[in-house]
């Protein structure tokens with residue numbers, strides 16, 4: 001009877017796995033079926049490198065949105081990675097247990113806050129601050145990068161901290177026994193040993209930043225033009241789809257699905273890169 005139960009459970013788990021793969025396959029097939037015709041009709045090069053987006057005139061160029069996505073994501077990583085890694089090092093190496101128990105729930109809370117709340121915060125605090133002290137309309141690459149930097153912190157901190165804690169204690173003790181101080185040990189031993197896990201955290205954080213929609217829509221300005229500085233408004237690929245899919249039809253709708261294809265491929269490449277990174281050091 002026990003063997004039969006185990007067999008049933010095994011088959012159910014296999015069915016769940018197959019269903020997940022099937023759902024991903026169906027979604028992929030649908031997106032490509034709807035979006036590929038626009039590449040055939042207008043050309044892949046024209047679609048990717050075109051700098052004008054006028055759907056009413058059947059002009060579909062997403063290059064400004066690709067650049068906007070790249071700049072916002074890069075800015076988020078430049079701000080979020082050092083802050084997240086520093087917090088992870090503090091929690092793993094320096095923080096007293098009681099203080100760490102207070103900080104970790106706060107970090108988890110950051111991941112639980114809805115993205116629209118981050119967007120409201122950006123509109124009420126970040127955008128006016130940029131407009132007042134740095135110039136420009138406030139809705140800009142910089143505003144989007146700041147919001148995304150905060151949003152990717154939980155991913156970077158949690159994975160980096162786990163990687164740092166997975167470094168065998170013997171490595172640290174050996175370094176300290178050789179006369180190195182704690183910071184030298186972290187710099188020369190702990191960080192290099194945990195490098196694969198830290199890189200994976202950065203890659204996953206980048207995927208989170210690329211795929212974010214609502215908070216970005218609310219703070220970047222959503223202008224389909226090439227930016228001249230980080231204080232200029234932009235539109236990201238995700239924002240383009242979210243803003244226009246509700247009323248799009250015909251070639252316009254297909255162009256938005258084609259934008260989804262570009263996003264899909266980008267996220268898949270990021271996930272593949274994350275999976276190709278060797279696993280972090282595990283405790284014996």
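The values are calculated or read from the model by the stated rules, or taken from the named source; none is laboratory data. These numbers come from a predicted model, not from an experiment. Note that each Cβ is placed from the backbone with ideal geometry, even for glycine, and that neighbours are counted across all protein chains shown.
Return the only residue of 176, 110, 83 being closer than 30 Å to residue 66 by Cα, touching a helix residue (DSSP H, G or I) at 6+ places or on another chain (Cβ under 9 Å) and modelled with pLDDT under 90. Even if it seems obvious, please write down each step before you answer.
Values: 176 fails: closer than 30 Å to residue 66 by Cα; 83 fails: modelled with pLDDT under 90.
So the residue among 176, 110, 83 that is closer than 30 Å to residue 66 by Cα, touching a helix residue (DSSP H, G or I) at 6+ places or on another chain (Cβ under 9 Å) and modelled with pLDDT under 90 is 110.
Suppose the filter is part of a helix (DSSP H, G or I), in contact (Cβ under 8 Å) with a residue 40 or more places away in the chain, surrounded by fewer than 17 Cβ atoms within 10 Å (Cβ to Cβ) and assigned by TED's automatic domain parsing to the domain that holds residue 233; does residue 91 pass it?
So residue 91 does not fit the description; no.
The rows are residues; the columns are (1) in a helix (DSSP H, G or I); (2) buried (at least 21 other Cβ atoms within 10 Å of the Cβ); (3) in the same structural domain as residue 153 (by TED's automatic domain parsing).
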{"position": "216", "(1), (2), (3)": "yes, yes, yes"}
{"position": "225", "(1), (2), (3)": "no, no, yes"}
{"position": "229", "(1), (2), (3)": "no, no, yes"}
{"position": "249", "(1), (2), (3)": "no, no, yes"}
{"position": "270", "(1), (2), (3)": "yes, no, yes"}
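Residue 251 is checked against (1) closer than 26 Å to residue 83 by Cα; (2) modelled with pLDDT of 90 or more and fails just one. What number does that condition carry?
Of the numbered conditions (1) closer than 26 Å to residue 83 by Cα; (2) modelled with pLDDT of 90 or more, the odd one out for residue 251 is (1).
Go through region 97-164 and tell me which helices (runs of 4 or more DSSP H), entirely inside it, have 3 or more residues that are touching a residue at least 40 places away in the same chain (Cβ under 8 Å) and assigned by TED's automatic domain parsing to the domain that holds residue 87. Reasoning before the result, please.
Values: elements: 97-112, 115-121, 127-133, 141-151.
Output list reads 97-112, 115-121, 141-151.
Limited to region 189-214, what total is found for residues that are over 16 Å from residue 70 (Cα atoms) and in a helix (DSSP H, G or I)?
Residues flagged as over 16 Å from residue 70 (Cα atoms) and in a helix (DSSP H, G or I) within region 189-214 amount to 13.
Restricting to region 55-71, name every residue that is outside any helix (DSSP H, G or I) and under 28 Å from the mean Cα position of the chain (by Cα).
Selection gives 60, 61, 62.
Please enumerate the residues belonging to region 168-188 that are part of a helix (DSSP H, G or I) and either surrounded by fewer than 18 Cβ atoms within 10 Å (Cβ to Cβ) or in contact with a strand residue (DSSP E or B) (Cβ under 8 Å, 6 or more places away or on another chain) (or both). So that I can check it myself, show each step before the final result.
Within region 168-188, the subset part of a helix (DSSP H, G or I) is 169-177, 182-188.
Correct list: 169, 170, 171, 173, 174, 176, 177, 182, 183, 184, 187, 188.
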